[in-house]
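Comments concern the structure below.
The values are calculated or read from the model by the stated rules, or taken from the named source; none is laboratory data. This one's a predicted model, so the numbers in the text were calculated from it and none came from an experiment. FYI the Cβ positions are ideal-geometry reconstructions off the backbone, even for glycines, and counts take in every protein chain you see. The accessibility values were calculated without ligands, DNA or RNA, using every heavy atom of the protein model including side chains. Shrake-Rupley method; radii C 1.70, N 1.55, O 1.52, S 1.80 Å.
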Amino acid sequence: MEGEKVRRRVIMAGEEMKPLTEARREVLSAMNRLPVIEPPLERAQGLALAADVVAPHPVPSFANSAMDGYAVRVADVAHPPVVLKISEDVPAGSVASGSVVAGQVIKIMTGAPMPAGAEAVVKVEDTEPLAGGKVRIMSSVPMGTAVRPAGGDLEEGQLVLPAGARLGPVHLGVLATIGVANPKVRRRARAAVLSTGDELFPLDSPTLPPGGIRDSNRPLLKGLLAELGVEILDMGIIPDQEEVLRSALLEASDRADITVTSGGVSMGEYDLVKHVLSTLGNIQMWKVAMQPAKPFAFGHINGTPLFGLPGNPVSALVAYEQFVRPSLLKMMGSQAVYRPRIPAAAGHDLRTNPLKTVFVRVVVQMENGRVVARSSGGQGSNVLSAAAYADGMAVVPVGVDVVAEGETVEVEMLRSPETRSEDEVPDE
Ligand code: AMP
Ligand code: MG
C-alpha cells in the first residue's frame, strides 16, 4: 500500500518528515547479524537457522506400518473372509525375524518395520483372532494399504528448513527427527532497556507524589522483547539528569547489542535526552511521517544501535513494532522480519491524517466470510488500554484521510484474535 508515490518527503507546518518506509529501510540496513552458535536443540526455540538444514537420511528411514494389524500378501486376502496362520508378532521397535510367506501373516504394531514379503497391512478392526495362532481376515486390501513408505515424509538430501527460518516448537520436533542435536543458529540479542523521566516511579513504589506516574513502558517493552526471545538488561528508570543519563547510555552500549530507551525525544521536550544523545555518538533525531510515534531517535553509541522511542506508551509500542522488532529479527538472522498484514473491511469510517502513515489499533473478527476491523477504543497515544484490546493495527497510508466503512484496509496483526471459548468449539 505504501507505494513509490509516498516515498516523497512530506512537509507539514514547515517541518520535514521522513516517510516511514524510508526510515525503516535506513534502520534495517544499519543492523548487523549476530554470531552463529550451536546450542542444544532445546535451547534453540525462537532462534533462526544460520544455514540450510538438509535431511541426512530418509524419514521414515524404513517402511513401517501405519496401523495395528496384520502384514499380509495382497493375494492371500483377495477373497475374504479367509483364515491365515500368524507366524510371529512385531511390536514397534522390533524387526520381524522371518518374512510373510503365502498363507501366513505377521502381526504388526504401528511404527514397526514392514517385514520382507509383506505388501499391505489389514487393520486389526477388520480381523477376528482365532485359537491356535490363527486370525480371520474380513477384508481385502490394495497393495501398500496402511504402509508408510521410507522417505514418505522427507527424502534423503531434501531441504528441510532454509537458513533464516525461526525455530518454533514444531521445527524443534522436525530437527530432532533427523538427529540435529546442535542446530547452527544466530545467538539471542541482548537488549538494554531504560525509561527516562523525572515523573516516573517503579511499580513497587508505595505511593506516587503529585504529578508522578508509574513507569509502564519498561514492563511493556520487556514483554515485547521477551516474546522475541531477546535477553534483557533492565537498566531501570533514569532521572532527567545529564551525568546519570550519560553514564547509563554508555553502560548500556557497552553491555548490550542494542539499547532501547523511552521518553525525552518529543518536540517541546526539555531537551536533556536529546542533548545527551547528541554528545554521545552519531544519533539523529527523526520526525517520521507516522502516527503515533512521530519523534524517534536512532543511531549508534560506540557501535551499538540505539533506539530512542517516544515516551507515550502507545507511541513506544508502535515505534517498537516498526523499528525495533524488525531490527532484532534481522540481527538474530530471521528471514521474515515483519508482522503479517491482512486485508480487512473497515467496520466503520476510520478518519486519519493524510500526511502520515496512521496506525489505528483495531479488533478484528470474521463476519459473513470476511475479516472486519473496528477501532479497539481511544486512539490517543497515551491510551494504552485500547492497545491492549487490539488484535492488530490498521495501517492507513499517506494520502488517505478516511477509510470509509466497508472499504479495505491492511491490518498488521499483533496477535491471533481469540474468538471463541473452549465450550463453543464444535466437535471435529
Ligand atoms: P516524553 O516523550 O518524555 O515527553 O513523554 C511523553 C509522555 O509519555 C509524557 O506524558 C510522559 O509522562 C509519558 N511517559 C514517558 N515515559 C513513560 C513511561 N516509561 N511510562 C509511562 N509513561 C511515560
Ligand atoms: Mg520525558
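Determine the relative contact order of the chain: mean sequence separation of Cα pairs under 8 Å and six or more apart, normalised by residue count, in whole percent. Provide the component values of the computation, followed by the final result.
On the way: 964 pairs, mean separation 66.2, N = 428.
Value for the chain: 15 percent.
If each of LEU159 and ASP52 carries a label point 7 Å out from its Cα toward its Cβ, how far apart are those two points in nm?
Taking the two extended label points, one gets 0.5 nm.
List the residues, sorted by chain then number, that are 5 or more residues from THR352 or on another chain and whose placed amide H is less than 5 Å from its amide H.
Counting only residues 5 or more places away or on other chains, the set is VAL402, VAL403.
Within the chain, which is the longest segment containing none of the trypsin sites (Lys or Arg not before Pro) that sit in a DSSP loop and have at most 11 other Cβ atoms within 10 Å?
10-414
Rolling a 1.4 Å sphere over the protein heavy atoms, what is the accessible area per residue of the chain, to the nearest Å²?
Values: 20320 Å² over 428 residues.
Normalised by residue count, the accessible surface of the chain is 47 Å².
Sticking with the crude label model, points 7 Å out along Cα→Cβ, report the distance from GLU38 to GLN365 in nm, one decimal please.
Roughly 5.2 nm, to one decimal.
With θ taken as phi - 60° and the coefficients 6.51, -1.76 and 1.60, list the Karplus ³J(HN,Hα) couplings across the range 393-401 in order, rounded to whole Hz; mark glycine and proline as x.
10, 6, 9, 9, x, 4, x, 10, 9
For ILE37, what residues show an amide H to amide H distance below 5 Å, using hydrogens built from the backbone and excluding near sequence neighbours?
Residues meeting the criterion, in which the H sits 1.01 Å from N, are VAL185, ARG186, ARG187.
Please identify the chymotrypsin sites (Phe, Trp or Tyr not before Pro) of the range 329-428 that satisfy two criteria: DSSP loop assignment and at most 15 other Cβ atoms within 10 Å. Which are they? Present the calculation step by step, with values, prior to reporting the outcome.
Values: sites: TYR338, PHE359, TYR389; in loops: TYR338.
Counting only loop positions with at most 15 other Cβ atoms within 10 Å, the chymotrypsin sites (Phe, Trp or Tyr not before Pro) in the range 329-428 are TYR338.
Quick one: angle between helix 242-255 and the longest Cα principal axis of the chain, in degrees between 0 and 90, rounded to 10, please.
Around 20 degrees separate the two axes.
Give the span of the range 160-270's Cα atoms along each principal axis, as three whole-Å numbers ordered largest to smallest.
Reported extents, whole Å, longest axis first: 61, 28, 25.
Angle, helix 20-29 long axis vs. longest principal axis of the chain, Cα atoms, 0 to 90°, nearest 10?
Long axis of 20-29 versus the principal axis of the chain: about 70 degrees.
Quick one: Cα centre-to-centre distance for the range 24-79 and the range 165-179, in angstrom?
Cα centres, the range 24-79 to the range 165-179: 5 Å.
Measure off, as a whole percent, the carbon and sulfur share of the 1.4 Å-probe accessible area of the chain, all protein chains present. Don't skip to the end; give the middle numbers.
Numbers: 10490 of 20320 Å².
Answer for the chain is 52 percent, counting heavy atoms of protein chains only.
Leaving ligands and nucleic acids out of the surface, order MET138, MET413, MET393 by accessible area at 1.4 Å, largest first. Don't jump to the answer; show the numbers that get you there.
On the way: MET138 85, MET413 25, MET393 0 Å².
Putting MET138, MET413, MET393 in descending order of accessible area: MET138, MET413, MET393.
For helix 217-227, report the angle its Cα long axis makes with the longest principal axis of the Cα atoms of the chain; keep it between 0 and 90° and round to the nearest 10°.
20 degrees
Assuming 1.306 mPa s and 10 °C, estimate D for the range 14-67 with Stokes-Einstein, Rh taken as the Kirkwood radius over Cα pairs, in µm²/s. Kindly include the intermediate steps, with their values, before the conclusion.
Values: Rh = 16.6 Å.
Estimated via Stokes-Einstein, D reaches 95 µm²/s.
Could you pull out which residues in the range 134-174 have an amide N less than 16 Å from a spot 7 Å beyond the Cα of ALA75, following the Cα-Cβ vector?
141-144
Would you check the accessible area of ILE232, probe 1.4 Å, heavy atoms only, in square angstrom rounded to 10?
Solvent-accessible area, nearest 10 Å²: 60 Å².
At ASN182 and SER29, where each label point lies 7 Å from the Cα along Cα→Cβ, what is the point-to-point distance in nanometres?
Result: 3.8 nm between the two label points.
Express the relative contact order of the range 155-224 as a whole percentage, based on alpha carbon pairs under 8 Å and six or more residues apart in sequence.
On the way: 25 pairs, mean separation 15.2, N = 70.
Reported as a whole number, the value is 22 percent.
When all C-alpha to C-alpha distances in the range 316-356 are sorted into bins of 5 Å, what percent of pairs does each bin hold, rounded to whole numbers?
5, 17, 16, 19, 19, 11, 8, 3
For each pair in LYS274/LYS294; LYS274/LYS330; LYS85/LYS123, compute the distance between the two Cα atoms and list the pairs where it is over 25 Å. Let's see the in-between values first.
Working: LYS274/LYS294 15 Å; LYS274/LYS330 27 Å; LYS85/LYS123 16 Å.
Long pairs (Cα-Cα over 25 Å): LYS274/LYS330.
For the range 135-148, what does the Karplus curve 6.51 cos²θ - 1.76 cosθ + 1.60, with θ = phi - 60°, yield as ³J(HN,Hα) per residue in whole Hz, taken in order and with x for Gly and Pro?
Computed from phi, the couplings for the range 135-148 are 9, 9, 9, 9, 9, 7, 9, x, 3, x, 4, 6, 10, 9 Hz.
So how exposed is ILE238, as accessible area in Å² (1.4 Å probe, rounded to 10)?
Counting only protein heavy atoms, ILE238 exposes about 10 Å² to solvent.
Below 13 angstrom from the Cβ of MET31, what's the summed charge of the other residues (Lys, Arg +1; Asp, Glu -1)? Present the calculation step by step, with values, prior to reporting the outcome.
On the way: positive: ARG24, ARG25, ARG33, ARG186, ARG325, LYS330; negative: GLU26, ASP257.
With Lys, Arg at +1 and Asp, Glu at -1, the neighbours total +4.
Taking H placed 1.01 Å from N in the peptide plane, check which residues at least 5 places from ILE108 or on another chain put their amide H under 5 Å from its amide H.
Distant-sequence amide H within range of ILE108: GLY69, TYR70, ALA71, VAL90.
Counting residues in the chain as N, plug N into 2.2 N^0.38 Å and put the Cα Rg over that result.
Numbers: Rg = 30.2 Å, N = 428, 2.2 N^0.38 = 22.0 Å.
Expressed relative to 2.2 N^0.38 Å, the Cα Rg reads 1.37.
Under 8 Å for C-alpha pairs, at least 6 residues apart: give me the relative contact order for the range 281-428, rounded to a whole percent. Could the numbers behind the result be given before it?
Values: 293 pairs, mean separation 33.1, N = 148.
Reported relative contact order: 22 percent.
Report the FRET efficiency, 1/(1 + (r/R0)^6), for GLU405 and THR279, where r is their Cβ-Cβ distance and R0 is 35 Å, rounded to 0.05. Intermediate values should be presented prior to the final figure.
Numbers: r = 50 Å, r/R0 = 1.44.
Efficiency for this residue pair is about 0.10.
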